[in-house]
Amino acid sequence: MKRPNPIPVAVVAAIAMLAMAVPFLGLANPTAMSIAHRMAPASAAHWLGQDEYGRDVLSRLLWGARVSLSVAAASAAMACLLGTAMGLAGGYLGRVAELLALRSMDVVLCFPPLLLALLVVTLFGPGALTLIPVLALVFLPGFVRVVYAGVLSVRSQEYVDAMRVLGAGRLRIMLRTILPNIAGPILVQLSLAAAAGVVLESGLSFLGLGVLPPAPSWGLMIAAARSTMTQAPLLLLWPCLALSLTILAMNALCDALRDAVDPHRAPGRRPRRLPSLLTPGLLMAPAPLLDVQGLTIEIDTPAGPIQPVRDVSLGVVPGETLALVGESGSGKSLTGLAIMGLLPSVARIAGGAVWVEGRDVLRLEEGELRRLRGNRMAMVFQDPLSSLNPVHRVGSQIAEAIRAHRSLSDHAARDRVLASLRRVGIPDPLRRARSFPHELSGGMRQRTMIAIGIANDPKLLIADEPTTALDVTIQAQVLDLIARLKQEHGMGVLFITHSLPVVAEIADHVAVMYAGEIVEQGTAAEVLTHPLHPYTTALLRSAPAEDGSLPDSIPGTVPLPHQLPTGCAFAPRCQHRTAACEVARPALLTAHPGHTTRCIRWRELAGAPTRQAVA
Ligand code: SF4
C-alpha cells in the first residue's frame, strides 16, 4: 500500500480529533442561553459571536460537528459492514445469497432515499439514535451493488482460482483474496456515504426530523440562522462553511485512500506472463498418479448442449511428464480444470472418471477436494501476474498456501516460505518474500507461482501454458526448474501447451488434442519423430524450424464444438482426407503398444506397413 496523500488525511484527522476533544476544550455550554446578548457580534469571550438565543456560536459549531460526524460515521460504517457482507456473499456464493442480496436491495431502492428517511423518522420519531439505522438503510444498496460488482469482476481472476486450487475455503477466499482487491471501490463508497451522512443529518435536522433542539447540530444551526440571516448573516455562514469543508475533506481523504490501496496505480507496473515444467518417459504406468478415463465435458447453450471435451483418456505416473498439446480451443485447459475440480459453473461432467492417487475426484465432496487441491495436486496457471494477488506480498501468499493445509507457527511458516523460494531458485528470498508481485520480473513471478504450487509438496502438478509469453532465456530457466523439481521430488506433471518445441524439451509422453478429443498419444520420442496423425504432422511443420526456413501454417481453424463435422474432426483441414474419413468419427487406434492415433489412414500415411493396428 502506498502512503496516502497526507493533506486530506491531516485535515480529516484534525476535524475528527477536534470533534472528539470538544468536551475537554473548556467551551461555553452550547445550550446556555443569554437573551440579553441575542445575535451579539464576535468578542473575546465568544469568538464567533452569539446566536438568536445568545448561545455561543463556536461552542455550538464544534458540538454540532461531534453530533453530525458521529451520526454520519456510525451510519456509513454500519451500511459498509452489512453491505460488504451481503455483496460478497451474493457475488461469490451466487444462487440464494445472490437473490436475497440483490432483490432485497431492489425493494429498498424503490423508495427515494430522502423519502425513505422521512418515512422511518416519522414512524419512529426523530433523534440522533434513530438517524443512524435510517441512514445506514439508505446507504446499504450502494454498498451491496458496489461490492457485488467488484466480486463479479474479481472472482474469475486466476489468483482466485489459484486459491481454490490451493484448497482454501470460501470464507477465506472472500475475506483474504477478493475483499482486499475491491477495497478501493468500497472506500470510495464509504467516503460518499459518510459525506452524504453529514448532509442528510443536517438536512433532516433542518426539517426538524433529526437532532432535536436544543442539542447543537449544523442542520439546526442553519435552520435557525435562516430566519435571522438578514440581521446576522454570519450565523448562516459558519455552519454552512463547516459542512462544506468537512464534506470536501472527507471526499479527498477517500480518494487518497483509494489510490493508496490500489496497487494497479503503482507506477512502472507491466503485466507479464509465466513459465512451467517437465521431461520424458512412458504412458499409463502400473500405478498412475493421474488416471483420466473417457472424460466428457458438456455445456448447455441456447442451441443445445455442446461437448468441448469428449472421451479423453490419459495418465501420468510419478516422476514423469505428460504434455497435453494442441491449438487454442482444443479443450486442453478445460481438461486440466476438470481434473482439479475447477470447471466453470456452466460446464458439467457428462461422462468418464478422474482418479488422482486412486481417489475418484469427480465424486469427492467439495471439502475433500479442497484438501487435495494445493496439497496432493497443484496447478500453475498461464499468467503469473493475474494469478498472484496484487495486494498481498509474495511471502504472505506462499504462507497462505501452506496454512490452507497445515497448522504452523509464524516462525515455522516463514521458514517454509523461505525454503520454497530457495527451491525455485529465487535469490535473496527474505527480501523477495516482502515484495509485491508487481515488483518482480516475469521470470521471478513465474518461479513464485511454482513456489506456491509446490509449497505443500504435491504429487501431481498441472502446468497450464506456463512458459507462454516468456522470452526464450526465461522459458528455458523455468523448464529446467520444473525438470529439476520433478526429479528431486518425484512429482508427476501434466504440462499443457501449444508449443511442440517446448514439448520436445520437457515431455516423456505426449497427448495431442484436437477439437476436444485426443487424436494421438505416445512417448515423446515416438510422437515427435514418427507422428501418425496428420494433425500432429501439421503441428510439427508449423513449429519454427532450426534452419530458419519458414514454418507451414495449418489452414483453417479448429471447429467450434457445435460445428463439428460428422466424420473426422480434422477432415476439413486435412490434405489426406478421403470420402471414408467423412463417414464416421474415427476410433482411437493402437498403432503399436503405447502409441495410438485417431486416423483411419495412419498406416498408408506413415508408410510403415510392418506396424499393425491392434484395435
Ligand atoms: S481420418 Fe482422414 S481426414 Fe482424419 S486425419 Fe486421418 S486422413 Fe485426415
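The values are calculated or read from the model by the stated rules, or taken from the named source; none is laboratory data. Bear in mind the structure is a predicted one, so any value in this text is a computation, not a measurement. Heads up, the Cβs are rebuilt from the backbone with ideal geometry, glycines too, and the neighbour counts pull from every protein chain shown.
Tabulated results
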read-out: Failed condition for residue 603, given (1) modelled with pLDDT under 90; (2) more than 9 Å from the ligand (Cβ to nearest atom); (3) closer than 28 Å to residue 495 by Cβ; value: (3)
read-out: Hits in the stretch 188-223 (condition: of a type in the set (Ser, Thr, Tyr) and in contact with a Ser or Thr (Cβ under 8 Å, 6 or more places away or on another chain)); value: 202, 205, 217
read-out: Among (1) crowded, with 23+ Cβ neighbours inside 10 Å; (2) assigned to a loop (DSSP other than H, G, I, E, B), the one test that residue 475 misses; value: (2)
read-out: Residue 613 being modelled with pLDDT of 90 or more, in contact with a Phe, Trp or Tyr (Cβ under 8 Å, 6 or more places away or on another chain), within 14 Å of the ligand (Cβ to nearest atom) and assigned to a loop (DSSP other than H, G, I, E, B); value: no
read-out: Considering residues of the stretch 582-593 that are farther than 16 Å from residue 514 by Cα and in contact with a Ser or Thr (Cβ under 6 Å, 6 or more places away or on another chain) only, the residue farthest from the ligand (Cβ to nearest atom); value: 590
read-out: Verdict on residue 468 being assigned by TED's automatic domain parsing to the domain that holds residue 573, more than 25 Å from the chain's Cα centre (by Cα) and either over 23 Å from residue 168 (Cβ atoms) or free of Cβ contacts under 8 Å to residues at least 24 places away in the same chain (or both); value: no
read-out: Any helices (runs of 4 or more DSSP H) falling wholly within the stretch 487-546 and containing at least 3 residues that are in the same structural domain as residue 575 (by TED's automatic domain parsing) and within 22 Å of residue 380 (Cα to Cα); value: 500-506
read-out: Among the residues listed as 424, 417, the single one being in the same structural domain as residue 551 (by TED's automatic domain parsing) and farther than 30 Å from residue 524 by Cβ; value: 417
read-out: Selected residue (only one of 402, 398 is closer than 20 Å to residue 386 by Cβ and without any contact (Cβ under 8 Å) to a residue 60 or more places away in the chain); value: 398
read-out: Search result, residues across the stretch 391-439 that are farther than 24 Å from residue 489 by Cβ and among the aliphatic types (A, V, I, L, M); value: 391
read-out: Residue count, the stretch 206-223 (criterion: buried (at least 21 other Cβ atoms within 10 Å of the Cβ) and modelled with pLDDT of 80 or more); value: 7
read-out: Selected residue (criterion: farthest from the ligand (Cβ to nearest atom)) from residues of the stretch 528-556 that are closer than 26 Å to residue 317 by Cα and in contact with a Leu (Cβ under 9 Å, 6 or more places away or on another chain); value: 528
read-out: Whichever residue in the stretch 557-581 is under 38 Å from the mean Cα position of the chain (by Cα) and part of a helix (DSSP H, G or I) and, among such residues, is nearest to the ligand (Cβ to nearest atom); value: 563
read-out: Hey, residue 320 at pLDDT 85 or above, within 21 Å of residue 569 (Cβ to Cβ) and among the acidic types (Asp, Glu) or not; value: no
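Here's the yes/no breakdown for (1) surrounded by 22 or more Cβ atoms within 10 Å (Cβ to Cβ); (2) modelled with pLDDT under 85; (3) within 18 Å of the chain's Cα centre (by Cα):
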| position | (1), (2), (3) |
| --- | --- |
| 392 | no, no, yes |
| 409 | no, no, no |
| 420 | yes, no, no |
| 424 | yes, yes, no |
| 437 | yes, no, yes |
